[in-house]
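Down below is the structure, laid out as structure tokens.
The values are calculated or read from the model by the stated rules, or taken from the named source; none is laboratory data. None of these values were measured; they are calculated from a predicted model. Quick reminder, even Gly has a Cβ in these numbers, built from the backbone with ideal geometry, and neighbours come from all protein chains shown. Ligands, DNA and RNA are stripped out before the accessible areas are found, and what is left, the full protein with its side chains, is counted by its heavy atoms. Shrake-Rupley method; radii C 1.70, N 1.55, O 1.52, S 1.80 Å.
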Amino acid sequence: MELYNKDTFSDDILPVVIVGNGPSGICLSYLLSGYTPYLSPDGFHPNQILHNKLTKNPHLSLFDQDLEFLCEGVEGRSSNPVAVFFDALLLPDGDFGVDCASPLIWRHEPERATPHLVLGKGPPGGAWHAMEGSMLTLSLANWMELPGLKLKDWMRDKRRNLRNDRATPAEIASYYQHYVTKMGLEKSFACGTTVTSVSRVSLKSGRSIWKIQGLQRRANVDEEHEVPFSVYAENVVLATGTHDIPARLGVDGENLPYVCHSFWELEAAISSGRLDRASEPVLIVGAGLTAADAVLAAHHLNTPVYHAFRRPVSDPALIFNQLPKLLYPEYHKVHQMMSQQQHKVGETVENLSNQLLSSPADGTSSYTCYPGYLSFPKHRVAAFKPDGKCVLEGEGGLQTVLQVSMALVLIGAHPNLSFLPEHGRDLALDSEEPISCRRNPMDVDPYTYESIKEAGLYAMGPLVGENFVRFLKGGALAIACDIARKQSAKRQSATENCITSLMNIQLTNCTLEA
């Protein structure tokens, strides 16, 4: 869809504009396009209390019911009640690995559709198109799917097999792109768009709406160029994810050329031959899954790895301590490496390159289980030096200096909300800090996902603390329900105003007789 610069309001005020075309934006577009969830006539939910609630009004769609009542008492691995509730309906007993059928059926009711626009920088699927294509996703494949199209069925049609019930990011990205086409959502998607401003404007009537401005990439015969656009909306939904701006340590030397903040920079160094088994060790900072993927990639290449992280290996908050070993063998391997080959404070750091050349089987080396790897738990980076030396600081302030060829700081990312005043900071739970998925999400109503501080502005996905696709779908349900309520109230108000106007006209034309 091509967008244009509109200098006047005219009548082109959309009910909803969604910023972000990843799984959050796609799922919301599906619900706003008239696809409506009902309890199936033969639907059954294993949670008896929830089942009893659903059967009280089986003829009503979820859009027409009291979400707060339905959510009450449902528990799961999310702090957002609607996310837990909708996940329980789409994946009953999903946490137990049970492939239980959903009690919901989906009906396409075009009369319920709400006109909307989805803006995204790339093709539908968002950041999934930028992820490395060979690694397996953390989530089980059916946790990644969107309503109305089984991922396993789609992969079977593509003659692909799931590995250990998990798919690759490339497969997931392809699924999301196909989903938009299959469900007929393409007419609402404007890809190749970068939003530069979202601001409030007032109409002459005093009514306040949103103005969304940005640039859209267009291709002609000779070259690609960007065209400015502006659109107007009653409601804006932020579904941007959090992969835009890598988090930084804020230490001296972090801007040096050998210090990187992206997994893809490691891949580029490997592909170009700048990094190989003869290189000085790579320092990987962080204890999340991206850091683990980097450890695996470097270790597979036989490039020596120093691995520094601030928590102890046994910390229950570490993601590795929350993953089943059978489902995630590669991450369990990294956790073993972190546990078994720790640097001991006060010891001299062993030359990892020598380990790779010679790994004695008699156990004479301290680190023979995984040659070429050494972890530094409870350490932080104090500084990066121009000569490729990194200074780590452990407990008690004791410092260790490491010589490295490359340092990868993989400690998470922040959303790019530069199109909002103060980067959206005023919308967070703590307005003194930047918005962060884990520590400082946006402050929204738990049952509508509308901003507490800005009416008509919604947020979903990582911006409200949902990192997993299986839970972001609840945000789509909450927002779609609230938008439907607003649209219904708007139509009712218009009808009442019309009736009042007709009555006034009739009274004006009446002649009273004495």
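Here are some notes:
- Taking amide H atoms as placed 1.01 Å from N in the peptide plane, the amide H of HIS261 lies under 5 Å from those of VAL409, each 5 or more residues away in sequence or on another chain.
- Links that overshoot a 23 Å alpha carbon limit, given the list LYS187/LYS473; LYS333/LYS378; LYS211/LYS490; LYS152/LYS187; LYS211/LYS453: LYS152/LYS187
- Ranked by how many other beta carbons lie within 10 Å on average, peptides 447-457, 101-111 from highest: 447-457, 101-111
- Legend: translational diffusion of region 168-219 by Stokes-Einstein, Rh = Kirkwood radius over C-alpha pairs, 37 °C, 0.692 mPa s; D = 234 µm²/s.
- 3J(HN,Hα) along region 224-237, derived from phi through the Karplus expression 6.51 cos²θ - 1.76 cosθ + 1.60 where θ = phi - 60°, amounts to 9, 9, 10, 10, x, 9, 8, 9, 10, 8, 6, 9, 10, 10 Hz, with x in place of Gly and Pro.
- For the set ARG218, ARG380, the ranking by accessible area, highest first and with no ligand, DNA or RNA atoms included, is ARG380, ARG218 under a 1.4 Å probe.
- The fraction of Cα-Cα pairs per 10 angstrom bin, counted from 0 for region 25-69, comes to 24, 49, 26, 1 percent, rounded to whole percents.
- Distant-in-sequence amide H partners of ASP252 (H built 1.01 Å from N, under 5 Å): PHE384
- Rounded to whole numbers, the Karplus 3J(HN,Hα) couplings from phi for region 78-86 are 8, 8, 9, x, 5, 4, 5, 4, 5 Hz, using 6.51 cos²θ - 1.76 cosθ + 1.60 with θ = phi - 60°, and x at Gly and Pro.
- Whole-Hz Karplus values for region 25-37 come out as x, 5, 4, 5, 4, 4, 5, 6, 8, x, 6, 10, x Hz, taken residue by residue from phi with 6.51 cos²θ - 1.76 cosθ + 1.60 and θ = phi - 60°; glycine and proline positions read x.
- Surface analysis of region 239-341 yields an accessible area of 47 Å² per residue, using protein heavy atoms and a 1.4 Å probe.
- Candidate residues SER208, SER271: accessible-area rank, largest first, probe 1.4 Å: SER271, SER208
- Ranking of CYS260, CYS100, CYS369 by solvent-accessible surface, largest first: CYS369, CYS100, CYS260 (1.4 Å probe, protein heavy atoms only, all chains present).
- When each of the peptides 57-65, 460-468 is scored by how many other beta carbons lie within 10 Å of its residues on average, the order from highest to lowest is 460-468, 57-65.
- Amide proton proximity set for MET406, modelled H, under 5 Å, gap of 5+: LEU283
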